[in-house]
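Below is one structure; the comments refer to it alone.
The values are calculated or read from the model by the stated rules, or taken from the named source; none is laboratory data. What you are looking at is a predicted structure, and each value in this text was computed from that prediction instead of being measured. Don't worry about glycine lacking a Cβ; one is built from the backbone with ideal geometry, like all the others, and counts go over all protein chains shown. Only protein heavy atoms, including side chains, enter the accessible area calculation; ligands, DNA and RNA are left aside. Shrake-Rupley method; radii C 1.70, N 1.55, O 1.52, S 1.80 Å.
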Amino acid sequence: MNLTVSSSPHIRDSRTTRSIMLDVIIALMPALIVAFMNFGTRSLIIVAITVISCIVFEYLTCLVAKRPVSLGDLSAIVTGLLLAYNLPASVPYWMPVIGAAVAMILVKGMFGGLGGNFANPAITARIVLLLSFGKAMTDFTVKFMYSAPGTIYTNDIVSSPTPLLLMRNHEMVPSYLKMFLGQHAGTIGEVSGAALLLGGLYLVVRGVIDLWIPVTYVGTVAVMGLITGNDPVFHVLAGGLLLGAIFMATDYVTSPVTTKGKIIFGIGCGLITAMIRFFGSSQEGVSFSILVMNILAPHIKEWTRTIPVGGIRHAEK
Amino acid sequence: MFEKHAFKGGVHPQENKLTSKEAIKDLVGFASVRIPMNMHVGAPCKPLVKAGEMVKIGQRIGEPSGIAVPVHATVSGKVKSVKKELMPSGDMVDIVEIINDLSDTWDENLKAPEITDKESFIKAVLDSGMIGLGGAGFPTHVKMRPPKDKYPNLVIVNGMECEPYITSDERQMLEMPNELVEGLTMVLKYMEIGKAIIGIEANKPEAAKAVSEAIAASSIKDYVEVKVMPVRYPQGAEKTFIQAVTGRVIPAGGLPHDVNVMVLNVGTVINLNNYFKNGKPLTHKVITLSGDAVKNPGNYRVPVGASIEEIVEKSGGLKGEARKALMGGPMMGVALPSLNTPLLKNNNAILIFDKLAKPTEELPCINCGRCVRACPMGLMPTDLDNASRKNDFDRMDSYAIMNCVECGSCTYVCPSKRQLVQNIRLGKAEYRQGLEAIKRAKEAKEAKN
C-alpha cells in the first residue's frame with residue numbers, strides 16, 4: 001500500500017488560473033462580435049495576429065528565461081485580446097506584432113512572467129504604440145453606415161472621427177443608443193457599451209471580478225463630468241472607459257486586493273481619466289490613468305492592508 | 001433563524017457528510033491496542049505498567065505530571081511491551097501495547113466520582129483523562145482553571161463540525177442529547193457559570209432539534225441557548241467559533257478565557273458525563289470512518305489505541321486502493337504514511353481515499369485576493385507565504401503570522417494551487433526560532449551588563 005503524504009488541506013476548490021482566464025476570454029467575446037459587425041473582417045485579422053504574436057512571444061520568453069512554458073494558463077490569449085481591442089482595425093498588420101512584443105517581453109517576460117508584471121501588459125503596449133505610431137493609432141475606420149455624419153463615401157469601410165474627437169471639435173456626436181450599441185468609430189473592442197457590460201456581468205456572476213473597481217472608476221468619471229459641466233452619460237460610453245474599467249483596471253496582478261484598496265484604485269483611475277479628458281489635450285485618459293494607478297497599486301496595497309482579527313502582537317526586541 | 005455571519009472570510013467546500021444517517025456502531029474484538037502516552041497537548045505521561053502485567057479496561061496506565069491527563073487501558077489483557085515509537089506528528093512517544101484477552105473486563109475499582117464542589121469537579125475532569133475532543137487535544141481540566149484574574153461567564157459548546165465528511169459529533173448529539181445536557185448541567189453547576197450556548201451548523205437540523213428538545217425538557221433550559229449557524233468552514237475552529245456565536249474576539253496570542261468563555265466540544269461533554277455517572281474514563285471514541293476507499297462508511301465507537309488498519313478491517317474493509325489516509329477532516333487532517341497507526345483520543349475521523357486531488361503543481365501568484373477574502377483571521381496569506389519562503393522575520397512579525405490558525409482556507413481557494421498554509425506553518429516554526437534567538441540575545445546582553 002502506497003499512501004500519499006502531503007500537507008493539508010487535502011481538497012481544493014475547482015477554480016484554477018486557467019479557468020479564470022477562460023472566463024475572461026468568454027467575457028470578451030460579445031465585444032468581438034460587435035467588432036466584426038462594425039469593422040468587418042479586418043478587425044478579426046488584427047485580433048488573430050495580436051493573439052498569435054502574444055502566444056509566440058510568451059513561448060519564446062519562457063524558453064529564453066528557462067521558465068516552464070506557461071501557455072496553458074491562457075493569460076497570453078487574454079493579453080492578446082485586450083491589446084487587439086485597444087487598436088484601431090486599420091493599423092498595419094505588423095503593428096500588433098510590435099505591440100505584442102512590448103507586452104509579452106518588456107512588460108511581462110522581463111519581470112518574471114505571469115504575476116510579476118508591474119503594469120498591465122496590454123495597456124502599456126498600447127501606450128507604446130500610440131506614442132510611437134501616433135498617426136496609425138488614431139486613424140479610426142468603421143463601416144460607412146456607422147461613420148460620423150458628413151463622412152464622404154469612398155469605400156464600405158471609411159475613416160471617421162471617434163465620439164470623443166467629435167465632442168472636442170464641437171461637432172454632432174452619435175446618440176446614446178448608437179454609442180451603447182457600438183455604432184461609431186473607435187478601437188476594435190471599445191465601441192459597444194452593451195457588449196462590454198454583458199461581458200462584465202458574466203465576470204461578476206462567475207466571481208472573477210467584483211464591482212468595486214469598475215463602479216468606482218466609472219462613477220468617478222461620471223461625477224467629475226457633472227461637476228465640470230460635461231455630459232456624464234456620453235463620457236461613460238465614449239472612448240475606452242468601459243473596456244478599461246471592466247477588463248483592464250480589474251487585472252488582478254496590477255490592482256490592489258482589498259476592498260478599500262480597490263475603491264482607492266478605482267477613484268484614482270477615474271480622477272486621472274477625468275483630468276485628462278476634461279482638461280488635457282490628449283484623449284488617452286483611460287490608458288494613462290490605468291498605467292499610473294498600476295504603478296501606485298503596490299503602495300495602495302500597503303496603505304490598505306487588512307487588520308488581523310485579534311490585532312497584532314509584535315515581537316519585543 | 002440564522003445568526004449573522006459574525007466572522008469574516010471562510011470557505012464552503014463540498015460537505016460530503018456521507019455518514020450522517022449511519023447510527024453509531026461498536027466495533028469490538030480488536031486483537032491489540034497501542035496506547036501512546038501523550039495524546040494531549042502538554043507533558044507526556046509516565047507509563048505505570050510493564051510488559052507482562054495484566055490490565056483491565058479503564059485502569060490507569062499512564063500517570064500525568066504537569067499539564068497532562070492520565071491515560072487508561074482501553075482493552076483488558078496482557079501488556080506486551082512498553083516502548084518508544086515514532087508518531088505521525090513526528091515525535092518519539094512511549095507506547096503501551098496491550099494484547100486483548102477479549103474478555104472485555106472493566107476495572108472493578110471504577111466508580112462514579114464524588115463531586116461536591118468546584119475542586120472535586122475539576123479533579124474528576126482530570127481523572128477522566130479528558131482532553132478537547134474537537135481535535136486540539138488540550139487537557140480539559142486546564143481550561144477549567146483559568147488564571148486568577150479571569151472569570152469565564154459563558155460556556156460555549158462546539159457542535160459545528162465544519163470539516164467535510166465528519167459526522168461523529170452530529171451522531172453523538174442526535175443519539176445522546178440527554179447525556180450532553182446532563183454533562184453540561186454538571187459543568188454549569190460546578191463551574192458556577194450561568195449561561196451556555198450550543199452552536200450547531202445548519203446542515204445538522206435533526207441533531208439541533210434533538211439537542212433543543214433535550215434542553216427544553218431539562219432543568220437548565222433557561223440558561224442554555226442553541227444557536228444554529230449557516231454552514232461555513234472554519235466555523236468550528238475555536239477562535240472563529242467563539243466569534244461566530246458570541247461576537248467576542250480573542251486578542252492575538254490569547255486564549256478563550258481572555259474573552260471570558262470556556263469552549264467545550266460536544267463529544268467532550270458527553271464523555272465527561274459518562275465519567276461523572278459511571279466512573280468510566282475516556283477509553284473509547286466515536287469516530288467517522290469515511291472516504292471513497294472505505295467499504296462501509298459509518299460512525300463507529302472504537303477503543304483508543306486501536307490501529308487504523310484493524311478499525312478499517314473490522315468495519316468491513318476497503319474497496320479500491322487506499323492512496324491517501326487522513327486522520328481528521330480533509331481541510332486540517334494529517335495524511336498518514338501508514339495505516340498501522342494507533343487511534344488517538346482526539347481523533348474524530350479517519351478518511352481513506354482512492355481518488356483525491358493529487359497535489360498539483362504550484363503556479364505563480366496572480367494576486368487575485370481570494371486567499372485574503374477567505375482568511376477568517378483577516379490575514380493576507382500571500383504575503384505571509386512570501387515572507388515564510390524567504391524566512392523574513394520582520395515581515396512575518398508585522399503581518400501577524402502567529403494569528404494564523406492553519407485552517408487551510410487560503411490554500412483551498414487558491415486558483416494557482418499554491419501551498420500557502422504549508423509554507424506559513426513552516427514560517428511559524430521559523431518565527432518561533434526567531435523569537436527564541438531574540439530572547440537569548442537579550443539574556444546574553446543582560447548577563448554582560
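Filtered by the rule that a residue be of a type in the set (Ser, Thr, Tyr) and under 22 Å from B:Gln14 (Cα atoms), the range B:125-180 gives B:Tyr165, B:Thr167, B:Ser168. Only one of the numbered conditions (1) basic (Lys, Arg); (2) within 14 Å of another protein chain (Cβ to nearest Cβ); (3) part of a helix (DSSP H, G or I) is violated by A:Arg12, and that is (3). Inside the range B:323-371, residues that are over 30 Å from B:Ile131 (Cα atoms) and out of contact with any Leu (no Cβ under 8 Å at 6 or more places or on another chain) make up a count of 14.
Residue-by-condition table, conditions (1) among the hydrophobic types (A, V, I, L, M, F, W, C); (2) without any contact (Cβ under 8 Å) to a residue 60 or more places away in the chain:
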position: B:Phe121; (1), (2): yes, no
position: B:Ala124; (1), (2): yes, no
position: B:Gly132; (1), (2): no, no
position: B:Met144; (1), (2): yes, no
position: B:Lys150; (1), (2): no, no
position: B:Thr167; (1), (2): no, no
position: B:Arg171; (1), (2): no, no
position: B:Ile197; (1), (2): yes, yes
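Can you tell me which residue is most open to solvent (accessible area, probe 1.4 Å) among those in the range B:61-77 that are modelled with pLDDT of 90 or more and part of a loop (DSSP other than H, G, I, E, B)? Among those that are modelled with pLDDT of 90 or more and part of a loop (DSSP other than H, G, I, E, B), it is B:Pro64.
On the stretch given as the range B:404-422, residues that are within 23 Å of the chain's Cα centre (by Cα), more than 9 Å from chain A (Cβ to nearest Cβ) and open to solvent by 30 Å² or more (accessible area, probe 1.4 Å) total 1. Based on what the data block shows, is B:Val82 open to solvent by 10 Å² or more (accessible area, probe 1.4 Å) and either touching a helix residue (DSSP H, G or I) at 6+ places or on another chain (Cβ under 9 Å) or not in a loop (DSSP other than H, G, I, E, B) (or both)? In short, yes.
Only one of the numbered conditions (1) at pLDDT below 90; (2) under 30 Å from B:Pro415 (Cα atoms) is violated by A:Leu114, and that is (1).
Within the option set B:Val226, B:Val286, B:Val269, B:Val187, being of a type outside the set (Asp, Glu), in a strand (DSSP E or B) and under 20 Å from the mean Cα position of the chain (by Cα) holds for one residue only, B:Val286. The single condition from (1) in contact with a Pro (Cβ under 9 Å, 6 or more places away or on another chain); (2) among the β-branched types (Val, Ile, Thr); (3) more than 14 Å from chain A (Cβ to nearest Cβ); (4) assigned to a helix (DSSP H, G or I) that B:Ile242 fails is (3). For the range A:251-291, a residue qualifies if it is surrounded by fewer than 17 Cβ atoms within 10 Å (Cβ to Cβ) and in a helix (DSSP H, G or I), and the qualifying residues are A:Thr259, A:Lys260, A:Met275, A:Phe278, A:Phe279. Give the range B:323-350 a look and list any residue that's at the interface with chain A (Cβ under 8 Å from one of its Cβ atoms), in contact (Cβ under 8 Å) with a residue 12 or more places away in the chain and in a strand (DSSP E or B), or say none. Selection gives B:Lys324, B:Ala325, B:Leu326, B:Val334.
Is one or more of the residues making up the range B:13-28 modelled with pLDDT under 95, open to solvent by 20 Å² or more (accessible area, probe 1.4 Å) and farther than 29 Å from B:Gly298 by Cα? The answer is no; no qualifying residue exists.
In the set (1) open to solvent by 30 Å² or more (accessible area, probe 1.4 Å); (2) facing chain A (nearest Cβ under 8 Å), B:Asp394 fails one condition alone, (2). Per this entry, B:Lys442 is not counted among residues that are closer than 24 Å to B:Met332 by Cα, at the interface with chain A (Cβ under 9 Å from one of its Cβ atoms), modelled with pLDDT under 95 and open to solvent by 10 Å² or more (accessible area, probe 1.4 Å). If you take the residues in the range B:234-251 that are open to solvent by 20 Å² or more (accessible area, probe 1.4 Å) and out of contact with any Asp or Glu (no Cβ under 8 Å at 6 or more places or on another chain), which one is nearest to B:Val413 (Cα to Cα)? Selected residue: B:Ala237.
With respect to the conditions (1) within 20 Å of the chain's Cα centre (by Cα); (2) over 22 Å from B:Lys123 (Cα atoms); (3) assigned to a helix (DSSP H, G or I), B:Lys209 lacks only one, and its number is (1). Of all the residues in the range A:78-134, those that are in a loop (DSSP other than H, G, I, E, B), over 25 Å from A:Thr16 (Cα atoms) and within 16 Å of the chain's Cα centre (by Cα) number 3.
To keep it simple, each residue is scored yes or no on (1) among the basic types (Lys, Arg); (2) part of a loop (DSSP other than H, G, I, E, B); (3) closer than 18 Å to B:Ala214 by Cβ; (4) modelled with pLDDT of 95 or more.
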{"site": "B:Gly90", "(1), (2), (3), (4)": "no, yes, no, no"}
{"site": "B:Lys111", "(1), (2), (3), (4)": "yes, yes, no, no"}
{"site": "B:Thr116", "(1), (2), (3), (4)": "no, yes, no, no"}
{"site": "B:Leu133", "(1), (2), (3), (4)": "no, yes, no, no"}
{"site": "B:Arg145", "(1), (2), (3), (4)": "yes, yes, no, no"}
{"site": "B:Leu174", "(1), (2), (3), (4)": "no, no, yes, yes"}
{"site": "B:Asn178", "(1), (2), (3), (4)": "no, no, yes, yes"}
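Restricting attention to the range B:423-437 and to residues that are surrounded by fewer than 24 Cβ atoms within 10 Å (Cβ to Cβ) and either aliphatic (A, V, I, L, M) or not in a helix (DSSP H, G or I) (or both), the residue that is nearest to the other protein chains (Cβ to nearest Cβ) turns out to be B:Leu435. Filtered by the rule that a residue be within 19 Å of the chain's Cα centre (by Cα) and assigned to a loop (DSSP other than H, G, I, E, B), the range A:222-250 gives A:Ala238, A:Gly239, A:Gly240, A:Ala249, A:Thr250. Restricting attention to the range B:34-51, and to residues there that are under 18 Å from the mean Cα position of the chain (by Cα) and not in a loop (DSSP other than H, G, I, E, B), which single residue is surrounded by the most Cβ atoms within 10 Å (Cβ to Cβ)? Filtering first and then ranking leaves B:Ile35. Taken over the range A:292-311, residues that are surrounded by fewer than 16 Cβ atoms within 10 Å (Cβ to Cβ), of a type in the set (A, V, I, L, M) and within 14 Å of chain B (Cβ to nearest Cβ) amount to 1.
Residues that are touching a residue at least 24 places away in the same chain (Cβ under 8 Å) and within 14 Å of chain B (Cβ to nearest Cβ) do not occur anywhere in the range A:91-103.
If you go through the range B:112-153 and pick out every residue that is under 29 Å from B:Gly333 (Cα atoms), among the hydrophobic types (A, V, I, L, M, F, W, C) and crowded, with 17+ Cβ neighbours inside 10 Å, you end up with 8. In the range A:35-56, of all residues being surrounded by 24 or more Cβ atoms within 10 Å (Cβ to Cβ) and of a type in the set (A, V, I, L, M, F, W, C), the one that is farthest from A:Ala89 (Cα to Cα) corresponds to A:Cys54. In the set B:Ile366, B:Ile311, only one residue is part of a loop (DSSP other than H, G, I, E, B), surrounded by fewer than 24 Cβ atoms within 10 Å (Cβ to Cβ) and not acidic (Asp, Glu); that residue is B:Ile366.
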